[in-house]
Each structure stands twice: as C-alpha cells, then as structure tokens.
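A.B. asks: Can you read through this structure? Questions will come right after.
The values are calculated or read from the model by the stated rules, or taken from the named source; none is laboratory data. In this text the structure is predicted, and so the values were computed from the model without any measurement. No Cβ is skipped: glycine too gets one built from the backbone with ideal geometry, and neighbour counts run over all protein chains shown.
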Amino acid sequence: MREAVRKHPAITVTVTTLCILAVAVRVIRSRSVSPPLVTPATYYTCDDGKTVFKDDDPHHIAPFDYQGQEAVQVFFVPGRTVGNPDSIWYLRKLTAARKKQMESMPATSDGPSPECAPGSPSPFAGQLIKRPGDPSWIPMDDPRAAKIFNLQ
C-alpha cells in the first residue's frame, strides 16, 4: 500500500481531497436542514402536563384524540429528565386550520413538520404554546411567547 501511494502521489492527493470534500458536504448539509418539530418518540399530555406519555407515531399531529381526550405535545427543559412532568418547558399544539393544512401534506417517514408547511407566512404561524398551568394558549409568533421560551 505504501509503495502504491509513493508511486502515484497525484492519485493519492486526489482521493484524499475527494474524501475531505465528501465529509465537508455532509457536515454542511446536516447543519442546513432544521429538524422537524414532530419527531419519533415525542411526548404528549392530556392533563396540562400533570402526566405525560410517549408516542412513537411520527404522523400524530397535536392536538389529537387520545383515549377520548385532547393530547398536546410536550417539550422538556434541555438537560433535564425527558419524560418527567417536573421537567416540562412548554406545551404545543396547532390551530385547527394549521392542523388541516399539515394533514393535507404528503406523508414522509418523519411525519409532517409545521415549520415546513407551504404557504406559511412564518414558521411559527398556526402554532400555539403555553406553560403547564397557564390558563390560555398563546400563538407562537406572538411577542408574549418570548416569556415562555425564556428559561430564567
């Protein structure tokens, strides 16, 4: 192998350069695509965060019916125990109009992603959030939502 590398330095440099470029392209592409908000093994609640349940179906769009109750998606504080109700950061669901729009999108293996919905004026349009215990839902693109996203 060493002898082949010594005999053909131009080929060695070309192959090495192509490998480095392939890795660089892969890294750049992985950073440019935002992850979907609806992912496998997502957690939901039907009781304002008192209890949570895990759902592996990426095609569920919150809110959805779960055992006769409305299930909404749960987001946990980064770095805390996922699945623990004490670690809930905020709850999220879609408006009826946005949910209908998402359900009409072609299915993918990852399920629909609200931030990628065609014709949406904002990636947050049609998404409602609140902290557990808050009396009302706030549109994600409302300035008041910043208080919910602030962990301090």
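A.B. asks: For His59, work out the one condition from (1) farther than 16 Å from Ser136 by Cα; (2) in a strand (DSSP E or B) it doesn't fulfil.
C.D. replies: For His59, the exception is condition (2).
A.B. asks: Determine, yes or no, whether Ala71 is in contact with a Cys (Cβ under 6 Å, 6 or more places away or on another chain) and modelled with pLDDT of 80 or more.
C.D. replies: Spelling it out, Ala71 is indeed in contact with a Cys (Cβ under 6 Å, 6 or more places away or on another chain) and modelled with pLDDT of 80 or more.
A.B. asks: Answer yes or no: is there a residue in region 40-61 that is modelled with pLDDT under 55 and exposed (fewer than 15 other Cβ atoms within 10 Å of the Cβ).
C.D. replies: yes
A.B. asks: Being in a strand (DSSP E or B) and under 15 Å from the mean Cα position of the chain (by Cα) is the filter; apply it to region 76-92 and report the residue that is nearest to Met140 (Cα to Cα).
C.D. replies: Arg92
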